[in-house]
Amino acid sequence: MLLTKRFCNVRAARLRSRRPVRAALAGVLVGVLALSGCSLLGDDSGDSPASGDGTSAPHATAGSGQDVPYDVTPLLKPAKKYFGAAVPGAPNSMKNVDAYTKMTGKQPNLVEYYAGWGDGFDATGVRNAWAEGALTLMSWEPFDTPVADIAAGKSDPYIKEYAAAVRKLNLPVVIDFADEFNGHWEKWGTNDVTPAQYVAAWRHIHQTFVDAGATNVIWAWSPNIVNPVPDVKLKPYYPGDAYVDWVGMIGYFTAGQDNSFDSVFGTTRDRVRTFTKKPILLLETGAMPGERRRADIRNLFAGVAADDDMLGFVWFNHKKRADWRLEASPLALKEFRRLAADDRFGFDVRKPS
């Protein structure tokens, strides 16, 4: 695919080093699924996780033997913007997050990582991010499992075990299932999955988590920006407000297109607003290196700051088909660092008010 169209599907070339477990195996696995040393049920430490700031989980009920699900409400639309990053190895290792903090002058409070369908829940990573005041966002990608099979319940043992692990940890987590579904480049995209199948799978997963008591999840429904696929309607893919907390828009500033914020994101935002008022997070974004990157970064910060319904953004700091890393462009990095100092961006998610 031409790079000028790469903003539509950077996902296809990014983190392919994961080793997702086939759905057939996922259906019979009970107990441990290994991924970076993490078990499916998370670690086996005490029932009440630490908050990361030296206190117990804020919603534990003392002496009851039970804990109340973490209330994610204050995180759904906080007063300040999310300042997010996707960096290699995080959150299972926070080394590159710490390096990103040093480079940009601000601690990310939203850390995105990518997991294949069948991978175990990275409870250790979620704890690591939380300890540094960051929320974890997991992009859950069904590479080897048909979405129709998920909707039909064929992955239910896996989903139930995963939901139990999330509930046991009882820290807030953002889950984004099968994003960029409105493009043709993913296995779960328009060439392989109908809107009805996608919606059915999303609702089924969501309900399974609710049944497990895992209401500590923020659900991010995440289309690609519509610019490369203008004829694909978004509304038929929308699961409904009862199943979605955020709209997680994905889009990049690339060469060969107008780089104003509205040109990149405006059309998608306007279409989404015809059927939901849920707040929008730029779940994955970046700008190609080069002379224009500084202007792109200015447009990104200004566009997010100007819209009260725009929650923030996650910068994709990886080198894939293009070098999206900020360090690839020193002058643009300097501009990014200057704008990141704005107090409207970033806050400790453990204390969102």
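The values are calculated or read from the model by the stated rules, or taken from the named source; none is laboratory data. Just so it is clear, the model here is predicted, and its values are computed rather than measured. FYI the Cβ positions are ideal-geometry reconstructions off the backbone, even for glycines, and counts take in every protein chain you see. Each accessible area value is taken on the protein alone, full model and side chains, heavy atoms only, with ligands, DNA and RNA left out. Shrake-Rupley method; radii C 1.70, N 1.55, O 1.52, S 1.80 Å.
In whole Å, how far is the Cα centre of the stretch 124-173 from that of the stretch 254-271?
The stretch 124-173 and the stretch 254-271 have Cα centres separated by 31 Å.
Taking θ = phi - 60°, what integer Hz values does the Karplus form 6.51 cos²θ - 1.76 cosθ + 1.60 yield along the stretch 96-110, in sequence order, with x for Gly and Pro?
6, 5, 4, 5, 5, 4, 5, 5, 9, x, 8, 6, x, 10, 8
Can you run phi through the Karplus equation (6.51, -1.76, 1.60; θ = phi - 60°) for the stretch 190-200 and list ³J(HN,Hα) in whole Hz, with x for Gly and Pro?
Here the 3J(HN,Hα) series is 5, 6, 10, 10, 7, x, 5, 5, 5, 4, 4 Hz.
Give the aspartates and glutamates whose C-alpha is closer than 12 Å to that of Lys102, dropping any in the same chain fewer than 8 places away, or say none.
Glu327
Based only on Cα atoms, what mean projected area does the convex hull of the stretch 144-216 have, in nm²?
Computing the convex hull of the Cα atoms and averaging its projections yields 4.7 nm².
Below 11 angstrom from the Cβ of Val314, what's the summed charge of the other residues (Lys, Arg +1; Asp, Glu -1)? Each step should come with its number before you reach the end.
Values: positive: none; negative: Glu112, Asp176, Glu284.
Here the count lands on -3.
Mind checking the dipole of the stretch 68-155: about its Cα centre, +1 per Lys or Arg Cβ, -1 per Asp or Glu Cβ, Debye to the nearest 20?
480
Expressed in nm to one decimal, what extension gain is obtained for the pair Asp156 and Asp323 from 0.36 nm per residue of sequence separation less their Cα-Cα distance?
Result: 56.3 nm gained on full extension.
For the stretch 262-310, what's the radius of gyration and Dmax over Cα atoms, in angstrom?
12.0, 38
With a 1.4 Å probe and every protein chain left in place, tell me how much accessible area Ser263 has, in Å² to the nearest 10.
Here the residue's solvent-accessible area equals roughly 50 Å².
Please work out the Cα convex hull volume for the stretch 97-209 and give it in Å³ per residue.
Hull volume over Cα atoms, normalised by residue count, gives 108 Å³.
Need the list of aspartates and glutamates near Lys235 for cross-linking: C-alpha distance under 15 angstrom, and skip anything on the same chain fewer than eight residues off.
Correct list for Lys235: Asp179, Glu180, Asp270.
Which three numbers, in whole Å and largest first, are the semi-axes of the equivalent ellipsoid of the stretch 287-343 derived from its Cα gyration tensor as √(5λ)?
Equivalent ellipsoid semi-axes, largest first: 20, 13, 10 Å.
Could you give me D for the stretch 198-353, from Stokes-Einstein at 25 °C and 0.890 mPa s, where the hydrodynamic radius is the Kirkwood radius over C-alpha pairs? Units µm² s⁻¹, please.
145
Which whole-Hz ³J(HN,Hα) couplings does the stretch 275-292 yield from phi under the Karplus relation 6.51 cos²θ - 1.76 cosθ + 1.60, θ = phi - 60°, glycine and proline marked x?
So the Karplus estimates, Gly and Pro as x, are 9, 7, 10, 4, x, 10, 10, 6, 5, 7, 8, x, 9, 5, x, x, 4, 7 Hz.
Over the stretch 175-233, what portion of Cα pair distances is larger than 19 Å, expressed as a whole percent?
Result: 33 percent of Cα pairs exceed 19 Å.
What area, in nm² and to one decimal, does the C-alpha convex hull of the stretch 205-259 cast on average over all directions?
In nm², the orientation-averaged hull projection of the stretch 205-259 is 5.0.
Taking the inverse of the average 1/r across all pairs of different Cα atoms in the stretch 129-278, what Kirkwood radius in Å do you get?
Final number for the Kirkwood radius of the stretch 129-278 is 16.3 Å.
Which aspartates and glutamates, on any chain, are close to Lys95 with Cα under 12 Å apart, when same-chain ones fewer than 8 places away are left out?
Glu132
Ignoring solvent entirely, what values of log10 I(q)/I(0) come out of the Debye formula for the stretch 65-119 at 0.23, 0.25 Å⁻¹ when each Cα is a single scatterer?
-0.94, -0.98
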